[in-house]
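Structure, as structure tokens:
The values are calculated or read from the model by the stated rules, or taken from the named source; none is laboratory data. Please read all numbers here as calculations on a predicted model, not as lab measurements. Here the Cβ positions follow ideal geometry from the backbone for every residue, glycine too, while neighbour counts run over all protein chains shown.
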Amino acid sequence: MEKQEIRTFGRRHGKKLSARQNGLVENLLPTLKPASGDILEIGFGAGEHVRDLARANPEKIIVGAEPFMNGVASLLSAITDEKTNRVMDEYKNIRIWADDVRDFLRTTDSKFEQIWVLHPDPWPKARHEKRRLLSADFLNLLSKYLTNNGEIIIGTDHWEYFDWILEQIKSTNLTATIPNMEIIQTRYQHKNKAGTTAPKYLILTN
């Protein structure tokens, strides 16, 4: 029997979507389903950083993967004109995978220059530790989808999780550096549920 993958994310739906958001999910989202891309962000929350990446890299395809439909709807609302519901020019390079990123990786032969994972759920309770996304197995999987000089960029404000990730890296072939980065502003970074002074970042390379 095939081993079932552990679900690494929580709920799929939150508060009720607006009529406009429902329309975007039903009509626009299917047209943005990715086949390939240049930069990948996993668990994009409300999509603030995905939009930053799109504006900074207009010649590249930005793939955002997020299983929480309210976050997907927030991004769809932000990248479209309110009157026409058409994607604005500066965001036409965005593609959205509204499900588990592992399912997307099975469908693509892309090699990514960057793979971003910002503020993943730390699952702080010991009994939930197995649900943490950034396990050695998952990091090894991501490493297969990097270009020769590609980077996995991780940010978390949960310092115990940060240390746990460092331990996981020891069971991979990846090399970790701790960069001096400016804080990347996202909704989850501002919430700072861990109550720490600032996020910590890692850059992983093959």
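For residues that are part of a loop (DSSP other than H, G, I, E, B), out of contact with any strand residue (DSSP E or B) (no Cβ under 6 Å at 6 or more places or on another chain) and aliphatic (A, V, I, L, M), tally how many sit in region 129-177.
Here the count works out to 2.
Which of the residues belonging to region 13-34 are modelled with pLDDT under 95 and surrounded by 13 or more Cβ atoms within 10 Å (Cβ to Cβ)?
Leu17, the sole residue that qualifies.
Looking only at region 66-100, count how many residues are without any contact (Cβ under 8 Å) to a residue 12 or more places away in the chain and among the polar types (S, T, N, Q).
1
With Gly71, Gly37 as the choices, which residue is out of contact with any helix residue (DSSP H, G or I) (no Cβ under 6 Å at 6 or more places or on another chain) and assigned to a helix (DSSP H, G or I)?
Gly71
Just checking, which of Ala136, Ala98 is farther than 22 Å from Gly45 by Cβ and touching a helix residue (DSSP H, G or I) at 6+ places or on another chain (Cβ under 7 Å)?
Ala136
Please determine whether any residue of region 22-31 is within 13 Å of the chain's Cα centre (by Cα) and either part of a helix (DSSP H, G or I) or among the small types (Gly, Ala, Ser) (or both).
no
Taking the residues in region 35-69 that are surrounded by fewer than 21 Cβ atoms within 10 Å (Cβ to Cβ) and among the hydrophobic types (A, V, I, L, M, F, W, C) as candidates, determine which candidate is nearest to Ser110 (Cα to Cα).
Result: Ala35.
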